[in-house]
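The values are calculated or read from the model by the stated rules, or taken from the named source; none is laboratory data. What you are looking at is a predicted structure, and each value in this text was computed from that prediction instead of being measured. Methodologically, a virtual Cβ is constructed for each residue, glycine included, from the backbone with ideal geometry; neighbour enumeration extends over all protein chains shown. Side chains included, ligands, DNA and RNA excluded: accessible areas come from the protein's heavy atoms. Shrake-Rupley method; radii C 1.70, N 1.55, O 1.52, S 1.80 Å.
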Amino acid sequence: MMAEEHTDLEAQIVKDIHCKEIDLVNRDPKNINEDIVKVDFEDVIAEPVGTYSFDGVWKVSYTTFTVSKYWCYRLLSTLLGVPLALLWGFLFACISFCHIWAVVPCIKSYLIEIQCISHIYSLCIRTFCNPLFVALGQVCSSIKVVLRKEV
């Protein structure tokens, strides 16, 4: 009975991961596109003081810009949203696969191998360079520098 409950719990967790509730009101909860794609009419078209078009032209231009941007986005997302989501899902799955199964193991392998080389390198430095530097330090320790101001 306990194993059966455990299996049901695992199935529920897997189901919850794939059936995540999505927020249809806030579609950018992490503010990924906060400053990038917010383009309004005033950000693109502006008339300086003294160079105004007719008020009707300005209103129609505003409406045309806003409505065409809205419907063009909806049309493009309808036609290309699912295929691009499939493409991006595939791409990020491939990147995740490469990272999990190739990059991280290579880095871990490198760190294990470099640790051995690091110990050998450290041993060589302590064996050959330390006595040389100690001897040079003793030779140079008797050097005295005197600074005189001549008038």
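Data overview
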quantity: Residue in the range 140-149 that is surrounded by 10 or more Cβ atoms within 10 Å (Cβ to Cβ) and either part of a helix (DSSP H, G or I) or in contact with a Lys or Arg (Cβ under 7 Å, 6 or more places away or on another chain) (or both) present; calculated: no
quantity: Top-ranked residue in the range 88-124 [being among the hydroxyl-bearing types (Ser, Thr, Tyr) and more than 29 Å from the chain's Cα centre (by Cα); ranked as least open to solvent (accessible area, probe 1.4 Å)]; calculated: 122
quantity: All positions within the range 34-72 that are modelled with pLDDT of 90 or more, open to solvent by 80 Å² or more (accessible area, probe 1.4 Å), over 39 Å from the mean Cα position of the chain (by Cα) and of a type outside the set (A, V, I, L, M, F, W, C); calculated: 55, 59
